[in-house]
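All of the numbers you see were taken from the coordinates with simple rules; none came from a lab. Values in this document were obtained by computation on a predicted structure and should not be read as measured data. Methodologically, a virtual Cβ is constructed for each residue, glycine included, from the backbone with ideal geometry; neighbour enumeration extends over all protein chains shown.
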Amino acid sequence: MQTKIPIALAGARDTLPLAIGTTPFAIIFGTLAVAAGLPPIAAVAMSAIVFAGSAQFISLSLIGGGAALPVIWLTTFVINLRHALYSATLQPVARDWPLPWRVLSAFWLTDECFAVIERRLQTAGEADALPYYLGSTLFFYLNWILWTAVGALVGHQIPGLAALGLDFAMIATFAAMVAPQLKTSTPVAVALAAGSVAWLAHPLPYKLGLLLAALAGVATGVMLDYRQRRVAVEDRP
Amino acid sequence: MSDTLWAAILGMFAATFLIRASFLVFGQKLRFPPAVVQALAHVPVAVLTAIVVPEAIAPGGQLSLALTNPYLVGTVVAGLIAWKSGRTLTAVIISFAVFGLLRWLT
């Protein structure tokens, strides 16, 4: 067991840059949650129980906008669907891990830690993947909770922090995450479809427009993929 | 803390955990059909764009395509920098500065 600790520490160390990158967002989440009317304990509970940054941010605007519970749940589900791909990618590696560890690994699966474990698997193979991954995820998890609490408790005491336009931080982050993917025609079309429907449908109650827009974007992508495949088949001599 | 809030959080936990556990915990035999995997690949772009666009072009619900809309200008700046450089954090920091400056000016 003792020999595993340095490996877990290596996992935590390799996660540090990403943890630093998400720290401002944890603080902003805590601050915005309290500004949206949540008690600080609810902000921390959400970070500790749900542990999904983008879904947590969106839930704030949904809760603040009086969205129905099923809409909040369904939106969370749709936003986090990408984690199914990570889960599928890690499954062959995790096949022999004891069940409790697989449950914990799944609970702690995030975009960031997935990126870290992926890099490790490519450079060092599957040896000691479990302690490495647990070190990475435990560190990332505690960091997220800690800074959520700081934001929730201290954020509102800093005068003007809410008025600074922290709501823009989330929009900027999402825009910066999407933009690099818009280099070929299919994702551009997906974004155009999702963006237009989101605008046209935004007066709908309970933020239903968001779900419609996501569906429109994915449908556009599927259609274009299908057409591309057909063209590829027809081009074959 | 209200019951509704707890219900929201627990439901969000269930939705998130089910997805994360899909293959890791339950899915030793589970396989997505390739068509589903390809469809899922479009989810991040679709969802994130759907969140950003209304907030950028109509902050507070009022459509504003003018250069004096700091949300719109800031979003475009963030997108352009990230598109060019691929650096998320740089894009966020610079666009936040532009956003703040524009809000202070207008």
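Among B:VAL76, B:VAL47, B:VAL36, which one shows the highest mean-square fluctuation when chain B is modelled as a Gaussian network with alpha-carbon springs under 10 Å?
B:VAL36
Using a Förster distance of 51 Å, how high is the FRET efficiency between A:THR3 and A:TYR226, based on the Cβ-Cβ distance and rounded to 0.05?
Step by step, r from the Cβ atoms, then E = 0.50.
Note down the nm distance, to one decimal, between modelled labels 7 Å out along Cα→Cβ at B:VAL37 and at A:THR89.
1.2 nm
What residue among A:ALA194, A:ALA176, A:ALA149 shows peak mean-square fluctuation when chain A is described by a Gaussian network model with Cα springs under 10 Å?
A:ALA176
Which whole DSSP H helices in chain A pass both tests: a Cα extent of 24 Å or more along the axis and a mean Kyte-Doolittle value no lower than -0.5?
In chain A, the long hydrophobic H runs are A:4-35, A:129-154, A:208-235.
Within a 10 angstrom radius of each residue's Cβ in A:119-129, how many Cβ atoms of other chains show up on average? Whole number is fine.
Mean partner-chain Cβ count within 10 Å for A:119-129: 0.
Note the full-extension length gain between A:TRP101 and A:GLN122 as 0.36 nm times their separation in residues minus their Cα-Cα distance, in nm to one decimal.
5.4 nm
Pick from A:ASP111, A:ASP225, A:ASP128: which residue has the top mean-square fluctuation in a GNM of chain A where Cα pairs under 10 Å get a spring?
Of A:ASP111, A:ASP225, A:ASP128, the Gaussian network model singles out A:ASP225 as fluctuating most.
Report, as an integer, the average count of C-beta atoms from other chains found within 10 Å of each Cβ along B:78-86.
Taking all residues of B:78-86 together, the mean is 6.
Counting only other chains, what is the mean number of Cβ atoms within 10 angstrom of the Cβ of each residue in peptide A:47-57?
Mean number of neighbouring Cβ atoms from other chains: 4.
Could you work out how far helix B:70-85 tilts from the main Cα principal axis of chain B, as a 0 to 90 degree angle to the nearest 10?
Helix B:70-85 sits roughly 70 degrees off the main axis of chain B.
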